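The values are calculated or read from the model by the stated rules, or taken from the named source; none is laboratory data. Predicted model only: the values in this text are computed from it and were never measured. So basically every Cβ, Gly included, is an ideal-geometry build from the backbone, and we count neighbours across all protein chains shown. Protein only, heavy atoms only, side chains kept; ligands, DNA and RNA dropped before computing areas. Shrake-Rupley method; radii C 1.70, N 1.55, O 1.52, S 1.80 Å.
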Amino acid sequence: MLEQIARVLLWLSVGEIAGRSGLLPLPAPVTGLILLYAELTVRGRLPDDLGILADRLLQCLGMLFVPAGVGVIAYLDVLKTEAAPILVAVIGGTVITLFVTMVVANLLGRATVEARERETKYAEGATRDVNA
C-alpha cells in the first residue's frame with residue numbers, strides 16, 4: 001500500500017512540476033493522473049494495492065465537500081442578494097451546454113450516416129464490377 005501511495009504522490013509531484021514550469025497547460029493533478037495512467041498502460045496491469053488505495057480514497061471523498069458547504073454557509077447573505085444572477089448563469093449555462101451537445105451530436109450522426117451510405121454505394125459498385 002505504501003508503494004502505491006508513493007507512486008501516486010510521485011506522479012502528482014511530476015504533474016506539479018510540469019504545471020508550474022509551464023510545460024503543459026493542464027492542472028497539476030490532471031497531468032499527474034494522465035502520467036499515472038500512462039505508466040499503468042505501459043505496465044499492462046493494475047496493481048491490487050492501487051485498487052485498494054483508490055477505494056479507500058473514494059470512501060473519504062464526501063469529506064472533501066465539507067469545506068465547500070462551509071463556504072456556501074459563510075457567504076449565504078451574498079448568495080441571497082445575488083440569487084437571480086447565479087440562477088440565470090446556472091440555467092443559461094445548462095441550456096447552452098445542452099444546445100451545443102445537441103448540435104454536435106446531430107452533425108456527427110449525419111456524418112456517420114453519410115459515411116455508411118458511401119461505403120454501401122462503394123461496395124455495391126465493386127460487386128457490380130465483379131459480376132460483370
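Give the carbon-plus-sulfur fraction of the accessible surface of region 14-99 in %, rounded to a whole number; probe 1.4 Å, heavy atoms of protein chains only.
75
Kindly list the residues of region 66-81 that lie in the label zone of Val88, defined by a backbone N under 17 Å from the point 7 Å along the Cα-to-C-beta vector.
What the label zone holds, given the 17 Å backbone N cut-off, is 79-81.
Hey, can you find the accessible area per residue of region 1-110 for me, probe 1.4 Å, expressed in square angstrom?
So region 1-110 comes to 79 Å² accessible per residue, rounded to a whole number.
With N set to the residue count of the chain, report its C-alpha Rg divided by 2.2 N^0.38 Å to two decimal places.
1.78
For Cys60 paired with Leu79, estimate the spin-label separation in nm (one decimal), with each label point 7 Å from Cα along the Cα-to-Cβ line.
Each label point lies 7 Å from its Cα, and together they span 2.6 nm.
Along the charge dipole of the chain, pointing to its positive end and built from +1/-1 on Cβ of Lys, Arg, Asp and Glu, which listed residue (Gly15, Ile52, Ile5) has its Cα farthest out?
The listed residue farthest towards the positive side: Gly15.
Magnitude of the Cβ-charge dipole of region 29-115, K/R +1 and D/E -1, about the Cα centre, nearest 20 debye?
With Lys and Arg at +1 and Asp and Glu at -1, about 120 debye.
For the chain, what does -39500 (n - 2.57) per DSSP helix run (n ≥ 4), summed and divided by total residues, give at 222 nm, in deg cm²/dmol to the nearest 500?
It comes out at -29000 deg cm²/dmol, rounded to the nearest 500.
Can you list the chymotrypsin sites (Phe, Trp or Tyr not before Pro) in region 18-116 that are in a DSSP coil and have 13 or fewer other beta carbons within 10 angstrom?
In loop regions of region 18-116 (DSSP not H, G, I, E or B), the sparsely surrounded chymotrypsin sites (Phe, Trp or Tyr not before Pro) are Tyr75.
Given R₀ = 30 Å, FRET efficiency for Val104-Ala38 by Cβ-Cβ distance, to 0.05?
Details: r = 28 Å, r/R0 = 0.93.
After rounding to 0.05, the efficiency reads 0.60.
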